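A.B. asks: Pasting a structure here, questions to come.
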Amino acid sequence: MNAPVTAPLPPSPYSSALGKSNSERHTLSALVDNEPGVLARVVGLFSGRGYNIESLTVAEVAHGEHLSRITIVTSGPPEAIEQITHQLERIVPVHKVTDLTVQKRSIERELAMVKVRGKGDNRMEALRLAEAFRAKTIDATIESFIFELTGAPEKIDDFVELMRPVGLVEFSRTGIAAITRGAEGM
């Protein structure tokens, strides 16, 4: 007995973005009700389609209205990002979704705390680099510093890499916060 012949399924636009040449990085911002389970539903949308969230920030932005803003950085083919955006808009407690990458009129910033250990020349080099990057010293001991740095993600990356040979111990990053330029709100 022969098995039935079925046509192969077309590739899903959600198939893993890893290794795809048309993969793009996008920053999505969603205004949502601040209630239990909303973040899990939003994150589930990404994990259910095999997409990684590279950065995720959530904070209440309108206390009286119980609204939060979720900022997500992910990568994938433009068609998949567009479909994910449309599916996010259909989740009931989501009020609005904006692809800030498509708008091209947005600003992204991130905060990092960077701990560096060093004595002598390394200590002086750490302070010199911190000054050049406009990092603020928020803690200092005889053997270490903790610097606070705010800026574009690439600036944070550069600072961390320069601190490695000087005595980088560890660092913590908040994830990207993003907003559109101009007078209009989300």
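Taken together, the values in this text are just the output of simple stated rules run on the coordinates, not laboratory data. Since the structure is predicted, the reported quantities are computational estimates derived from the model, not experimental observations. Because the Cβ atoms are built from the backbone with ideal geometry, glycine has one as well, and the counts that use them run over all protein chains shown.
A.B. asks: What ranking do His26, His66 get, fewest neighbouring Cβ atoms within 10 angstrom at the top? Present the calculation step by step, with values, prior to reporting the outcome.
C.D. replies: Numbers: His26 21, His66 12.
So the ranking, lowest neighbour count to highest, is His66, His26.
A.B. asks: Compute the relative contact order of the chain as a whole-number percentage, counting only Cα pairs closer than 8 Å that sit 6 or more residues apart in sequence. Mind dumping the intermediate values first?
C.D. replies: Numbers: 327 pairs, mean separation 44.2, N = 186.
24 percent.
A.B. asks: Hey, another quick one. Please compute, over every Cα-Cα pair in the chain, the percentage with a separation greater than 25 angstrom. Could you put the intermediate results ahead of the total?
C.D. replies: Working: 8593 of 17205 pairs.
Summing the P(r) tail past 25 Å for the chain gives 50 percent.
A.B. asks: Okay, next question. Relative contact order (percent) for the stretch 107-179, with alpha-carbon contacts under 8 angstrom and 6 or more residues of separation? Walk me through the numbers on the way to the answer.
C.D. replies: Numbers: 132 pairs, mean separation 37.7, N = 73.
The value is 52 percent.
A.B. asks: With no solvent and one equal point scatterer per Cα, compute the Debye intensity ratio I(q)/I(0) for the stretch 107-179 at 0.26, 0.27 Å⁻¹ and report its log10, rounded to two decimals.
C.D. replies: Debye output, listed in q order: -1.18, -1.26.
A.B. asks: While we're looking at this one, here's another question. Grab the other residues whose beta carbon is less than 12 angstrom from that of Ile84, score K and R as +1, D and E as -1, and report the net.
C.D. replies: -2
A.B. asks: Please give the per residue volume of the convex hull enclosing the alpha carbon atoms of the stretch 24-105, rounded to a whole number of Å³.
C.D. replies: Numbers: hull volume 7.0 nm³, N = 82.
Considering the Cα atoms of the stretch 24-105, their hull volume per residue is 85 Å³.
A.B. asks: Helix 121-132 against the longest principal axis of the chain: what's the angle in degrees, Cα atoms only, rounded to the nearest 10?
C.D. replies: The helix 121-132 is inclined about 60 degrees to the chain.
A.B. asks: Where in the chain is the longest stretch that carries no GluC sites (Glu not before Pro) classed as loop by DSSP and with at most 16 other Cβ atoms within 10 Å? Please report the intermediate quantities before stating the final value.
C.D. replies: Numbers: sites that count: Glu65, Glu143, Glu184.
The segment 66-142 is the longest one with no such site.
A.B. asks: Working from Cα positions, state the angle (0 to 90°, nearest 10) between the long axis of helix 78-90 and the longest principal axis of the chain.
C.D. replies: That helix lies at roughly 80 degrees to the long axis.
A.B. asks: Using a Förster radius of 41 Å, what is the FRET efficiency between Glu65 and Ser172 based on their Cβ-Cβ separation? Nearest 0.05, please. Let's see the in-between values first.
C.D. replies: Numbers: r = 30 Å, r/R0 = 0.74.
The formula returns an efficiency of 0.85 here.
A.B. asks: On a 0 to 90 degree scale, rounded to 10, what angle separates helix 153-167 from the longest Cα axis of the chain?
C.D. replies: The angle comes out near 40 degrees.
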